[in-house]
Amino acid sequence: MTSTSAQKQSLTTARITGVWYLVLAISGMVGFLLLHPKIYISADPEKTLANLTMHVTLARIRLLLEFAIILSQALAAVWFYKLFKPVSDWGAWALGVWGMMNAAAILLSAISMGSAIEIAISSNLPKDDKIVSIQLLGQLIKHSWGAGGLFFGLWLLPMGYMVVLSKRMPVWLGRFLILGGIGYILSTFATYSGFVNPWLEYIVIPATIGEFWMIGYLLLFGIRPLVEQSEV
């Protein structure tokens, strides 16, 4: 394969990766940030039950968006592996595996959502039993996302490392991804250790910057040829 055809193939892979990463970002924002609080109230299972009963369609849309998150996360992991395999085999494997593990954590959340909807609309269970079940499932959803932060942080680390190593993307993009990955891991450990501080929200900001920068770069520029080393 000539260098020109190899670069064309790399650009195609980069842009497909960018599309899946964009789908992940959109489905996450709409599903988790926008719709989730309208249905699932972790501190009030009775209110959650009422929401699931009265807004079944909205709850199912939320579930479908959870499926979209899982699907796009898994496919983004696969395409990132393909994109970065020429840079570092072990790094590409780490990126793919940890991305898949994050998808698996969110899969547990989706299973819990599906169960919660079925329990809420069931006519065979008394209300008190429904509330207890919804409370348990709501906690599973919450902590699937919470613990999943470990693997989300881990998946950003090799992504950033390979950007810095290869210099086929801006070096500072890789640094933001690495800082963001560390931030997610520290935030998860701090949260589950019982440490409460509003500053915890700020340590994941580099991840947000890095992710949207990565999405934009993949879609607009793709990836540089191996011979190009200057920063954009």
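Hey, can you tell me all the residues within the stretch 132-142 that are more than 11 Å from LEU52 (Cα to Cα) and either of a type in the set (Phe, Trp, Tyr) or open to solvent by less than 100 Å² (accessible area, probe 1.4 Å) (or both)?
Hits for the stretch 132-142 are VAL132, SER133, GLN135, LEU137, GLY138, GLN139, LEU140, ILE141.
When the stretch 107-130 is examined, which residues are found to be crowded, with 18+ Cβ neighbours inside 10 Å and within 24 Å of ALA50 (Cβ to Cβ)?
SER109, ALA110, SER112, MET113, ALA116, ILE117, ILE119, ALA120, LYS130
Helices (runs of 4 or more DSSP H) wholly in the stretch 1-100 with at least 2 residues that are modelled with pLDDT of 95 or more and open to solvent by less than 10 Å² (accessible area, probe 1.4 Å) - which ones?
3-28, 45-54, 56-84
In the stretch 143-181, what residues are farther than 26 Å from PHE221 by Cα, without any contact (Cβ under 8 Å) to a residue 40 or more places away in the chain and surrounded by fewer than 19 Cβ atoms within 10 Å (Cβ to Cβ)?
Across the stretch 143-181, the qualifying residue is only HIS143.
May I ask you to say which residue of LEU177, LEU186, LEU165 is part of a helix (DSSP H, G or I), under 16 Å from ILE209 (Cα atoms) and among the aliphatic types (A, V, I, L, M)?
From the options LEU177, LEU186, LEU165, the qualifying one is LEU177.
With respect to the numbered conditions (1) without any contact (Cβ under 8 Å) to a residue 60 or more places away in the chain; (2) acidic (Asp, Glu); (3) farther than 30 Å from LYS167 by Cβ, which one is the sole condition not fulfilled by ASP89?
Answer for ASP89: the failing condition is (3).
The values are calculated or read from the model by the stated rules, or taken from the named source; none is laboratory data. As the structure is a prediction and not an experimental result, all values here were calculated from the model. As a convention, Cβ positions derive from the backbone with ideal geometry for all residues, glycine included, and neighbour counts pool all protein chains shown. Side chains are part of the model used for accessible areas, which takes the heavy atoms of the whole protein and leaves out ligands, DNA and RNA. Shrake-Rupley method; radii C 1.70, N 1.55, O 1.52, S 1.80 Å.
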